[in-house]
Amino acid sequence: MSIALERSAFDDPVLNVINLLNSLSSAHPDAISLASGRPDDELCDPALIYKGLASYARYVNQEEQSLSIRLCQYGKTSGIINEILVEHMRVDEEIVISNVENIVVCMGFQEAATLALLSIFDDGGVLLVPDPVFSGITGIAKLLRVKTVPVPIADFLDSHALSDVVNAIESSGEKVKALYAISDFSNPTADSLSFEGRKALVALARARDFLILEDNAYRYFRYEGARIPLMKSIDSSRVVLMGSFAKSIFPGLRMGYLIGPEDVEVTSLSTKICKAKSVITVNTSALCQAVVGGLLIENDYSLKALNEPKTMSYLKKRNWMISCLEEHFPLNANGQRAIIWNDPEGGFFINVQLPIRFGYSEMQECATQFKVIVFPTSFFSLVGTGINQVRLSFSSATVSDIYLAIGRLKAYIELKMQPLAL
Ligand SMILES: Cc1ncc(COP(=O)(O)O)c(C=O)c1O
């Protein structure tokens, strides 16, 4: 007897994106990769583990607590470095967290987002996401069966258009319960929300009674321009802030956090999230929390300060990638280039519009024949938007590889353009 297997959430392409990103380099070992947004290997320093632990041990001793119990026992579900994160929010963001239990220390952004979606959508509702969007969030939503509505970026940034989307959803009897946004230097399109845009999103969330899930994974990698306040600091009662230490310290720690809405009515969200966490991971690794907490203390609670050397290094790489693009794709007589890229003020990516379609087969062809791996932006879209765009990551490639890679990408584009020119 054969068992008919139903198409399940696990078959959804959005669940392949992260694995694909992680496996492309081993599938094409002789190609240079501009695909992965992983941090620079050179900046992943294991000495930080000992430094952070030693600093945290001093802190615990000062507080006359037992280090052995703090580090070796089962711990509080919400975390053991919540007070340190309160200080980090005060120092870096001027955000006052009145209740430390509003913070839940999580195993990376991914756990924070999983717990948030699980708790907010336990009785249905709709999640709005910009499209294209980081597949970490849409993948979890798919697994948890959270109905997700992708909103083209232009509409997402226009509060009237977004309000129309909410109206359309709600007039069909469904409720928009949350919206996901990366305020600074998004993945994959490297764009940021303006201050006006942030205020408009918060106003809409208030007016239409939904929450904002604000992802700040790349916020502390600003290379120029003035810092824009988080939506969390515009209205804490509407925003669940989700942070990650993957890029700022290193991903091996699997450390992140979420800060629930600061409001009597909705503070219960953090309680709900802790209840879910207590039966999933019980608590986040105390050792990893200690490393993060200790490093923050060492830097006067500032993640921005802790990031400074890394920011300087990525700034050089971003500038270098842009100068390689300028050299390989010079302005023509009409003052135009064969490709168009955005000029992000921070983050790990540059989003590029090509004069050709660039999907899965082009990615494979380019990697196999031209030895450069670039990732199609459309892989992050739920509706196939951005088929002529690629996301270039400058974070993990060396400067010499970046130069070679852009030259190879140019050769591939020229090859594909040839039939058009005939
Ligand atoms: C937008 C975004 N959020 C969060 C993360 C980090 O997640 P985690 O802390 O789970 O590694 C990433 C990593 O690629 C990302 O691009």
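For residues that are within 16 Å of the ligand (Cβ to nearest atom) and either open to solvent by 10 Å² or more (accessible area, probe 1.4 Å) or aromatic (Phe, Trp, Tyr) (or both), tally how many sit in the stretch 245-290. Summing the residues that are within 16 Å of the ligand (Cβ to nearest atom) and either open to solvent by 10 Å² or more (accessible area, probe 1.4 Å) or aromatic (Phe, Trp, Tyr) (or both) in the stretch 245-290 gives 13. Applying the condition of being open to solvent by 20 Å² or more (accessible area, probe 1.4 Å) and on the phi < 0 side of the Ramachandran plot to the stretch 134-145 and asking which residue is nearest to the ligand (Cβ to nearest atom) yields PHE134.
Selection of the stretch 73-94 for residues being open to solvent by less than 10 Å² (accessible area, probe 1.4 Å), in contact with a strand residue (DSSP E or B) (Cβ under 8 Å, 6 or more places away or on another chain) and in contact (Cβ under 8 Å) with a residue 24 or more places away in the chain yields SER78, GLY79, ILE81, LEU85, MET89. So which residues in the stretch 287-305 are over 19 Å from the mean Cα position of the chain (by Cα) and in a helix (DSSP H, G or I), if there are any at all? The answer is LEU287, CYS288, GLN289, ALA290, VAL291, GLY293, GLY294, LEU295, LEU296, ILE297, GLU298, ALA305.
Scanning the stretch 170-184 for residues that are part of a loop (DSSP other than H, G, I, E, B) and away from the ligand (no atom under 11 Å from the Cβ) yields SER172, GLY173, GLU174, LYS175. In the stretch 242-249, the count of residues that are in a strand (DSSP E or B), of a type in the set (A, V, I, L, M) and modelled with pLDDT of 95 or more is one or more.
For ILE413, work out the one condition from (1) open to solvent by 10 Å² or more (accessible area, probe 1.4 Å); (2) in a helix (DSSP H, G or I); (3) out of contact with any Phe, Trp or Tyr (no Cβ under 8 Å at 6 or more places or on another chain) it doesn't fulfil. Unmet for ILE413, out of (1) open to solvent by 10 Å² or more (accessible area, probe 1.4 Å); (2) in a helix (DSSP H, G or I); (3) out of contact with any Phe, Trp or Tyr (no Cβ under 8 Å at 6 or more places or on another chain): (1).
Residues being outside the structural domain of SER395 (by TED's automatic domain parsing), surrounded by fewer than 21 Cβ atoms within 10 Å (Cβ to Cβ), touching a residue at least 60 places away in the same chain (Cβ under 8 Å) and part of a helix (DSSP H, G or I) are represented in the stretch 214-236 by at least one member. The set of residues from the stretch 100-121 being in a helix (DSSP H, G or I) and open to solvent by 10 Å² or more (accessible area, probe 1.4 Å) comprises VAL100, GLU101, PHE109, GLN110, GLU111, THR114, LEU118, ILE120. Restricting attention to the stretch 36-69, the residues being under 16 Å from MET255 (Cβ atoms) and not in a helix (DSSP H, G or I) number 5. Restricting the stretch 259-270 to residues that are more than 17 Å from ILE81 (Cα to Cα) and of a type in the set (Val, Ile, Thr), which is modelled with the lowest pLDDT? This residue is VAL266. All conditions in (1) in a helix (DSSP H, G or I); (2) open to solvent by 20 Å² or more (accessible area, probe 1.4 Å); (3) modelled with pLDDT of 95 or more hold for SER26, with the sole exception of (3). Quick one: count up the residues across the stretch 122-133 that are outside any strand (DSSP E or B) and either in contact with a Pro (Cβ under 7 Å, 6 or more places away or on another chain) or open to solvent by less than 20 Å² (accessible area, probe 1.4 Å) (or both). Of the residues in the stretch 122-133, 2 are outside any strand (DSSP E or B) and either in contact with a Pro (Cβ under 7 Å, 6 or more places away or on another chain) or open to solvent by less than 20 Å² (accessible area, probe 1.4 Å) (or both). Taken together, ASN187, ASN167 contain a single residue that is in a helix (DSSP H, G or I) and either in contact with a Phe, Trp or Tyr (Cβ under 9 Å, 6 or more places away or on another chain) or open to solvent by 10 Å² or more (accessible area, probe 1.4 Å) (or both), which is ASN167. Filter the stretch 29-65 down to the residues that are more than 30 Å from VAL374 (Cα to Cα), open to solvent by less than 50 Å² (accessible area, probe 1.4 Å) and either within 15 Å of the ligand (Cβ to nearest atom) or among the hydroxyl-bearing types (Ser, Thr, Tyr) (or both) and list them by number. Once the filter is applied, which keeps residues that are more than 30 Å from VAL374 (Cα to Cα), open to solvent by less than 50 Å² (accessible area, probe 1.4 Å) and either within 15 Å of the ligand (Cβ to nearest atom) or among the hydroxyl-bearing types (Ser, Thr, Tyr) (or both), the stretch 29-65 yields SER55, TYR56, TYR59.
The values are calculated or read from the model by the stated rules, or taken from the named source; none is laboratory data. Nothing here was measured: the structure is a model prediction, and the numbers come from that model. We place every Cβ from the backbone using ideal geometry, glycine too, and count neighbours over all the protein chains shown. Heavy atoms of the whole protein, side chains included, go into the accessibility calculation; ligands, DNA and RNA do not. Shrake-Rupley method; radii C 1.70, N 1.55, O 1.52, S 1.80 Å.
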